[in-house]
Amino acid sequence: MKRTEAQSIAVLLNRYLREEGLETPLNERRLIDSWPKVMGPMIARYTRELFIKNQVLYVYLNSSVLRQELSMGRQVVVCKLNGAVGANVITDVVFC
């Protein structure tokens, strides 16, 4: 049997994840896990909880000053986090 179309395992794995509906939850988990690396240790220290619902990242912070400061740069945060994952996982961030 002659094989004419060889594909890498990465392409096949990504296709499988997409077909099974596992790509989005995996990317969401990667985004949440990248929060301390992208935002830095100081901001991560003030973060209590993170979760994603309907492509919106909800971030609970201990500091009201930090919450206000990050709210002004929401779009920059969205771009940095999506860039870290390599996919458009979130469209907005809500700081609570």
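Structure values in brief
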item: Helices (runs of 4 or more DSSP H) fully within the chain counting 3 or more residues that are among the hydrophobic types (A, V, I, L, M, F, W, C) and loosely packed, with under 15 Cβ neighbours inside 10 Å; result: 9-19
item: Inter-residue pairs, beta-carbon under 6 Å, first over 20 Å from residue 82 (Cβ atoms) and in the range 6-27, second open to solvent by less than 70 Å² (accessible area, probe 1.4 Å) and not hydrophobic (A, V, I, L, M, F, W, C), 6+ apart; result: none
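The values are calculated or read from the model by the stated rules, or taken from the named source; none is laboratory data. Predicted model, so just to flag it, every value in this text is computed and none were measured. Note that each Cβ is placed from the backbone with ideal geometry, even for glycine, and that neighbours are counted across all protein chains shown. All accessible areas refer to the heavy atoms of the entire protein, side chains included, with ligands and DNA or RNA removed. Shrake-Rupley method; radii C 1.70, N 1.55, O 1.52, S 1.80 Å.
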